[in-house]
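Just below is one structure, and these are the notes that go with it.
The values are calculated or read from the model by the stated rules, or taken from the named source; none is laboratory data. These numbers were taken from a predicted model, which means no experiment stands behind them. Please note: Cβ atoms are built from the backbone with ideal geometry, for glycine as well, and neighbour counts cover all protein chains shown.
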């Protein structure tokens, strides 16, 4: 342990998770857990919180996470009284949000750290406690994070206290990170892939570190992500095909950067060609589903935006190409190309009506194509630059979910 906890002054703060929760987590207040897709998420403190709740402690908490969590984490969180949470929902967290017992707001991941630092999500107050995972603590008490950095620096900066889970199962990642805080209006001074502009650690005052809890456990997979299936691989092949000609054209000069998304489609794309996949995942109908995540941060900065997705969901019972969206994450002005396993549609330079025709013709699933054409014809009769028909959209919705 001494080689991982190199600050002698902090060794006296080693304790088990139950003691850390009892002494430093308030019954009413705010708590943050750094993580992304389940990676680098604390293991011991969530379970200790659940045990304390089972023993009679009554919590009323605002919960912040770095991103998607795990089923195990959400099982523990369900035994607490979470009043509100930000900025992302894993599957097990959706029911209380959609029933109205937990208040929830999703925000762009790129804006999230500043909202945390400003206290916007905690009623103008500091976070009561941040729980973060580290692979080491250096001689000056600085944290060496695990693989997911996410909002960890913001959580540490904005909190009154920090509980560190020191994970000895993972390698000491000293020197891996390049942690840099973006300043408004100041370009990030990176000119080459070998440039380093930040620090390999997260600074934190020793006085703020309330407890250090040892753990020796692997990360658990996030329920938000799964491995790629056959349809994902077909979509990925379609993306590779439509980008191959695009990116070798003279307009790109042979130089381009590709941003990889997250989830099963991104995993499939790693096998053929990395790119940025964007989709509407924040809401389904009236209900919150996941969260807007980082898609908008990437699409607004991209020269070419490719939205890639399967054309159907739930075993072909639902079309993912629909007449109307309740909560679009990415506006039509930001979408250049749509790719599904059925084909791809280059939408650049086309009007809303023309785009609809190309999407239905080239990207929709044959099972729903005629129903989409029927909606489109009814919408056109209503007229307008952006024609729509709520009545026809309702009829289309009735076709969904059939075996």
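Among the residues of region 373-381, not a single one is more than 27 Å from residue 252 (Cα to Cα), without any contact (Cβ under 8 Å) to a residue 40 or more places away in the chain and touching a strand residue (DSSP E or B) at 6+ places or on another chain (Cβ under 8 Å).
Counting only residues that are at pLDDT 95 or above and surrounded by 21 or more Cβ atoms within 10 Å (Cβ to Cβ), region 101-120 holds 1 of them.
A single member of 368, 388, 350 is in the same structural domain as residue 318 (by TED's automatic domain parsing) and modelled with pLDDT of 95 or more, and it is 368. Scanning region 330-371 for residues that are part of a loop (DSSP other than H, G, I, E, B), under 18 Å from residue 304 (Cβ atoms) and in contact with a strand residue (DSSP E or B) (Cβ under 9 Å, 6 or more places away or on another chain) returns 330, 335, 336, 347, 348.
Close contacts from region 1-24, counting a first residue that is in contact (Cβ under 8 Å) with a residue 40 or more places away in the chain and a second that is outside any helix (DSSP H, G or I) and exposed (fewer than 13 other Cβ atoms within 10 Å of the Cβ), with Cβ to Cβ under 6 Å and a gap of 6+ residues or different chains, come to 6/139; 7/139.
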